[in-house]
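Any read-out appearing in this document is the output of simple, stated calculations on the displayed coordinates, not a laboratory observation. Just so we're clear, the structure is a prediction, and the values are computed from it rather than from any experiment. For neighbour counting, all protein chains shown are included, and Cβ atoms are generated from backbone atoms with ideal geometry for every residue, glycine included.
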Amino acid sequence: MKQKWESIETYECEYKTFQKKDNKKDTRTYYVYFKKPLWVRLKVLKGRNKGSEVMDNPEKNIVRGRRGGILRGIVLTLKPDDKKVVSIRGFKVYDAGISGIYIRFLKYFEEGFEMEYLGRFEEKGHKGLKIRIKIEKPGKYWGLCEEIIWFTDDYIPYKTEGFDEKGKKVLEATFYKVYLNTKIPENLWRLQDCYNFPAKMRRL
């Protein structure tokens, strides 16, 4: 997993995510652009705040973005932990996409959390293995006590499922379109261009 992550400099992905906390539920579909060390730009394709765009700038430790619809002309500059750009479970913009999966999986390993191989999977043309992690520090990891991560045979995250202390599923994400080491235009990372999200995104 570490070798695969180290081989990735940029990527694009489209994925659907579900989160739940208390009585709140949130389901969205995102398109994400990523460049190391931790540049992340995403757009909400479906769900709450559809059309919204945000970009995390790790050099200045800020998030730049705007809402969709009639407010599209208003661009805000925020801190990464501002509630406007943090999910209901506390995930930040830089936690989005497959990079978030790699980073926390390697952190779980470094923490020495118990990991269990759950066997293989085959779903919608994707094949690979499933690994369950027992998270001993849920307060540090968005209140998750257990996470099951599905990796394809070439070690690309395909799906994740997270569970709280009661064993209830409170997180799910499926990365159904992933493109590694793509050429991303540099102007995509200019803050002044944040409202010009590419009109044409990759499609299978």
What would the Debye formula give as log10 I(q)/I(0) at q = 0.08, 0.11, 0.16 Å⁻¹ for the alpha-carbon point model of the chain, no solvent? -0.26, -0.51, -1.11
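Among Lys83/Lys130; Lys127/Lys169; Lys159/Lys183; Lys25/Lys137; Lys50/Lys92, which pairs are too far apart, with a Cα-Cα distance over 28 Å?
Details: Lys83/Lys130 32 Å; Lys127/Lys169 23 Å; Lys159/Lys183 25 Å; Lys25/Lys137 23 Å; Lys50/Lys92 17 Å.
Pairs exceeding the cut-off: Lys83/Lys130.
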Select from Val170, His126, Leu144 the residue farthest towards the positive end of the dipole of the chain; place +1 on Cβ of Lys and Arg, -1 on Cβ of Asp and Glu, and compute about the Cα centre. Val170
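Going down the list Lys36/Lys177; Lys4/Lys79; Lys60/Lys134, which pairs span over 27 Å between their C-alpha atoms?
Numbers: Lys36/Lys177 19 Å; Lys4/Lys79 30 Å; Lys60/Lys134 34 Å.
In this structure, Lys4/Lys79; Lys60/Lys134 lie more than 27 Å apart at Cα.
Select from segment 98-160 those trypsin sites (Lys or Arg not before Pro) which occupy a DSSP coil region and have at most 13 other Cβ atoms within 10 Å, ordered by residue number. Working shown, then result.
Numbers: sites: Arg104, Lys107, Arg120, Lys124, Lys127, Lys130, Arg132, Lys134, Lys140, Lys159; in loops: Lys124, Lys140.
Hits after loop and neighbour filter: Lys124, Lys140.
Roughly how big is the chain's charge dipole about its Cα centre, with Cβ charges of +1 (Lys, Arg) and -1 (Asp, Glu), in debye to the nearest 20? Display every interim value, and only then the final one.
Numbers: 45 positive and 29 negative charges, 203 e Å.
Charge dipole of the chain: 980 debye, to the nearest 20.
DSSP loop GluC sites (Glu not before Pro) in segment 158-190 with at most 12 other Cβ atoms within 10 Å of their Cβ, which ones? Show your work: numbers first, answer last.
Values: sites: Glu161, Glu165, Glu172, Glu186; in loops: Glu165.
Answer by residue number: Glu165.
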Tell me what the chain gives for mean residue ellipticity at 222 nm when only DSSP H runs of n ≥ 4 count, each as -39,500 (n - 2.57), the sum divided by the residue total, rounded to 500 deg cm²/dmol. -3000 deg cm²/dmol
How many angstrom separate the Cα center of segment 89-164 from the Cα center of segment 1-69? 17 Å
Debye calculation, C-alpha points only, no solvent: report log10 I(q)/I(0) for segment 42-136 at q = 0.17, 0.23, 0.24, 0.25 Å⁻¹, in the same order as the q values. -0.90, -1.16, -1.21, -1.27
For the chain, find the longest principal axis of its Cα atoms and tell me its angle to the long axis of helix 97-111, 0 to 90°, nearest 10. 40 degrees
